[in-house]
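Below is one structure, written out as structure tokens, with a few remarks after it.
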């Protein structure tokens, strides 16, 4: 199973490292990352593989939301199927 993690907020040092650390601590493999910095706005889209994860998508979402609140970012986690369904024309 795969999920999409999105991160938006003011650019600061260590955002990618903090998000990746949570993934690594739960055996979640980061398979793709794209990020952009527009002025002082940071935007990142991350595809992760939860096949060997030690937590559920819901638990991951809760941890990422808490991290986002801590570092001033908006972080969302969405199951890949839901993401794809939302973006299908």
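FYI, it's all coordinate maths here, none of it is from the lab. Since the structure is predicted, the reported quantities are computational estimates derived from the model, not experimental observations. Every residue, glycine among them, receives a Cβ derived from its backbone with ideal geometry; neighbour counts consider all protein chains shown.
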Give me 78, 64, 1, 44 ranked fewest to most by other Cβ atoms within 10 Å of their Cβ, as a rough exposure proxy.
1, 78, 44, 64
Residue-averaged [θ]222 nm for the chain, counting only DSSP H segments that reach four residues, each worth -39500 (n - 2.57):
-11000 deg cm²/dmol
What whole-number value in cubic angstrom gives the convex hull volume per residue for the C-alpha atoms of the chain?
89 Å³
With springs only between Cα atoms under 10 Å apart, run a GNM on the chain and tell me which of 38, 16, 50 wobbles the most.
38
Most exposed to least, judged by fewest other Cβ atoms within 10 Å, 70, 59 sort to 70, 59
